[in-house]
Amino acid sequence: MIAIIDYDAGNLKSVEKALHFLGEKTLVTRDRQEILAADHVILPGVGAFGDAMKRLREYGLVEVIREVVAQGTPFLGICLGLQLLFESSDESPGVSGLGILPGRILRIPEDQGWKVPHIGWNSLHFDHPGRLFSGLEEGAYVYFVHSYYLRAAQEEMVTASAEYVVQIHASVERDNVFACQFHPEKSGEVGLHILKNFASIGRDGKETC
């Protein structure tokens, strides 16, 4: 069972639909016991960093997420879900993120000829081997919608990057924690392949059948 954390951040249905297409059982929930019992957990989301952290605190989900990570359950953050895993964001000065991974979320700089937010398809460069991208070729295209981007503090956790005005750390992996700035659920066959790879990772970190 894959638990999709519900904190009123939107984008839940598209993630759920993509997983159902892959034949995965899902549960959209904010119940602590259901989340902790799940085989995999996904934190999706679109919206503002500060508002999202406020809702996570109000629903008592901050500690639940930390428990999930601590017990070794494969955990995937998507878009805003990636950003929340880090320490802070330019979008909401003074608001602390979950701090599970080291790094900051920065505003994509305004530059002539480049539109912000970054909306559309972009190719990935695979910086380091990442289990989410097993079986995919360098340059695979995925779909982005964001105005802020990750600058990870540890380059070795960055598994994929993209270029849009600046170098964007598009995906990270550390132990059982995975995250994508792009939307795999909206990225066609490539995105479905990424979600399938995530669903195949067991609690021991190894791929399962």
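Among residues other than Ile105 with Cβ under 9 Å from its Cβ, the summed charge is 0 (Lys and Arg +1, Asp and Glu -1). Exposed loop sites here are trypsin sites (Lys or Arg not before Pro) assigned a DSSP state other than H, G, I, E or B and surrounded by at most 16 other beta carbons within 10 Å; excluding them, the longest clear run of the chain is 26-114.
Pairs of C-alpha atoms in the chain farther apart than 32 Å represent 8 percent of all such pairs.
What whole-number value in Å² describes the accessible area per residue of the chain for a 1.4 Å probe?
Values: 9180 Å² over 209 residues.
Result: 44 Å² per residue.
Segment 136-172 and segment 1-62 have Cα centres spaced 22 Å apart.
Name the GluC sites (Glu not before Pro) in segment 41-137 that are in a loop by DSSP and that have at most 11 other C-beta atoms within 10 Å, would you? If you can, show how the numbers build up before the last one.
Details: sites: Glu58, Glu63, Glu67, Glu87, Glu91, Glu110, Glu137; in loops: Glu87, Glu91, Glu110, Glu137.
Listed in order of number, the matching sites are Glu110, Glu137.
The modelled label-to-label distance between Ala153 and Glu34, using points 7 Å beyond Cα along the C-beta direction, is 3.4 nm. Counting protein heavy atoms only, the chain has 50 percent of its accessible area on carbon and sulfur, 1.4 angstrom probe. Total lysine pairs in the chain at Cα distances under 20 Å, for residues eight or more apart or on different chains: 11.
Tell me, what are the semi-axes, in whole angstrom and largest first, of the equivalent ellipsoid of segment 52-175 as set by the roots of 5 times the Cα gyration tensor eigenvalues?
Numbers: eigenvalues 115, 77, 27 Å².
Taking √(5λ) for each eigenvalue gives 24, 20, 12 Å, largest first.
The values are calculated or read from the model by the stated rules, or taken from the named source; none is laboratory data. Quick caveat: nothing in here was measured; it's all calculated off a predicted structure. Counting neighbours? That spans all protein chains shown, and the Cβs are built from the backbone with ideal geometry, glycine included. With ligands, DNA and RNA removed, areas are computed over all heavy atoms of the protein, side chains included. Shrake-Rupley method; radii C 1.70, N 1.55, O 1.52, S 1.80 Å.
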